[in-house]
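*Asks:* Quick one: structure below, then a few questions.
The values are calculated or read from the model by the stated rules, or taken from the named source; none is laboratory data. Bear in mind the structure is a predicted one, so any value in this text is a computation, not a measurement. Every residue, glycine among them, receives a Cβ derived from its backbone with ideal geometry; neighbour counts consider all protein chains shown.
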Amino acid sequence: MKTSLLLCLLAFGCHAALNAQQLKAPETLRPSTVPVVPAPPTAEIDKLAEEAQKSLYKTVDKSGDTASSGTKSTGAPTSLRLPAQRPDDPSLWAKDSVRKIAVMEVAFGGMRDTVMIELFPNDAPQTVANFINHCESGLYNGLAFHRAIEGFLVQTGDPLTSDESAREKWGTGGEDKTIPAEIKRPHRIGAVAMARRSDKVNPQRRSNGSQFYVTLGNYGAIDSKYTVFGQVVSGLEALKRISIMPVDANDCPIARIEVKSIKVIDQKGPMQVQSAVAGEGQRYSKPDSARGMVGRFLHRIW
């Protein structure tokens with residue numbers, strides 16, 4: 001009796017084992033049978049990235065800048081988003097006032113744009129002097145924006161970004177010289193500040209010799225930690241567009257976004273209103289002293 005029962009169990013086990021061998025493994029566990037497609041050449045990737053960037057730029061430009069509308073998520077911590085504050089209106093500056101203005105020409109998406117920054121030599125004299133020296137020497141000409149985080153900041157000024165083949169090192173340059181901390185002003189929207197290394201290796205909070213960033217919101221959480229030396233007074237919408245361009249894992253724009261030049265001029269009296277930009281208020285005309293000979297001539301004709 002026991003022998004017969006054992007034989008029955010053995011036969012049942014063999015039958016089950018045969019059936020199990022005929023079952024297909026779940027799709028998630030089966031080896032892929034999809035052929036591997038080789039990656040396109042680097043030049044083709046760069047071309048596709050640039051085309052995508054141009055398309056995105058045009059879309060944002062027509063829609064009135066979605067980055068400023070708050071309809072898209074940002075990379076900045078929610079706890080840092082504060083109510084917007086507006087800088088002083090440059091069209092209302094006193095007639096007898098004289099201010100330092102940095103006029104930055106930026107090229108991206110097949111287009112050019114002008115960003116104007118008021119400098120604060122009274123609050124950050126060494127930082128402003130260092131920045132002006134770099135502008136006059138042409139250090140910033142041809143450098144790329146190497147960091148762009150939507151709703152938070154855009155950053156440039158690393159000398160290493162002049163070399164496209166050194167992308168893996170972008171963001172580490174400019175440390176051959178540092179500037180003493182001059183921390184006085186807050187990080188409101190459009191604040192221009194110097195980058196620096198962390199407190200762990202830089203407890204004195206000395207600024208990087210050349211890298212600077214622009215905040216795209218009001219970030220009180222980083223006040224008293226970085227030296228703010230300027231304020232964007234015109235062209236902030238262009239920097240917001242840069243912040244939503246496609247980036248890699250290091251927040252570096254995939255297609256090159258370049259600073260063509262930065263020229264520092266003395267602005268006497270109020271600035272002339274050029275136009276009103278949706279979501280950004282007024283935009284201002286580039287001062288004649290920041291134009292070339294042809295630019296000044298055409299500006300006066302038109």
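*Asks:* Would you confirm, using the coordinates I've provided, whether THR161 is more than 21 Å from LEU119 (Cα to Cα) and modelled with pLDDT of 95 or more?
*Replies:* So THR161 passes the test.
*Asks:* Pick from GLU182, GLU150: which is in contact with a Gly (Cβ under 6 Å, 6 or more places away or on another chain) and in contact (Cβ under 8 Å) with a residue 40 or more places away in the chain?
*Replies:* Exactly one residue qualifies, and that residue is GLU150.
*Asks:* Mind telling me which of the residues ASP123, ASP89 ends up being modelled with pLDDT of 95 or more and over 22 Å from the mean Cα position of the chain (by Cα)?
*Replies:* Sole residue among the options that is modelled with pLDDT of 95 or more and over 22 Å from the mean Cα position of the chain (by Cα): ASP123.
*Asks:* Right, something else. Filter region 185-228 down to the residues that are without any contact (Cβ under 8 Å) to a residue 24 or more places away in the chain and under 19 Å from ASN250 (Cα atoms) and list them by number.
*Replies:* If the condition is that a residue be without any contact (Cβ under 8 Å) to a residue 24 or more places away in the chain and under 19 Å from ASN250 (Cα atoms), then ARG197, SER198 are the ones that fit.
*Asks:* Name the residues in region 131-172 that are surrounded by 23 or more Cβ atoms within 10 Å (Cβ to Cβ), of a type in the set (Gly, Ala, Ser) and in a loop (DSSP other than H, G, I, E, B), would you?
*Replies:* Matches in region 131-172: GLY157 only.
Rundown of residues vs (1) modelled with pLDDT of 95 or more; (2) farther than 21 Å from GLU105 by Cα, yes/no style:
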| position | (1), (2) |
| --- | --- |
| ALA191 | yes, no |
| ARG196 | yes, yes |
| ASN202 | yes, yes |
| SER224 | no, yes |
| VAL228 | yes, no |
| LEU239 | yes, no |
| ILE244 | yes, no |
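*Asks:* Evaluate region 108-124: report whether one residue or more is under 22 Å from ARG188 (Cα atoms), out of contact with any strand residue (DSSP E or B) (no Cβ under 6 Å at 6 or more places or on another chain) and aromatic (Phe, Trp, Tyr).
*Replies:* Scanning region 108-124, I find no residue that is under 22 Å from ARG188 (Cα atoms), out of contact with any strand residue (DSSP E or B) (no Cβ under 6 Å at 6 or more places or on another chain) and aromatic (Phe, Trp, Tyr), so the answer is no.
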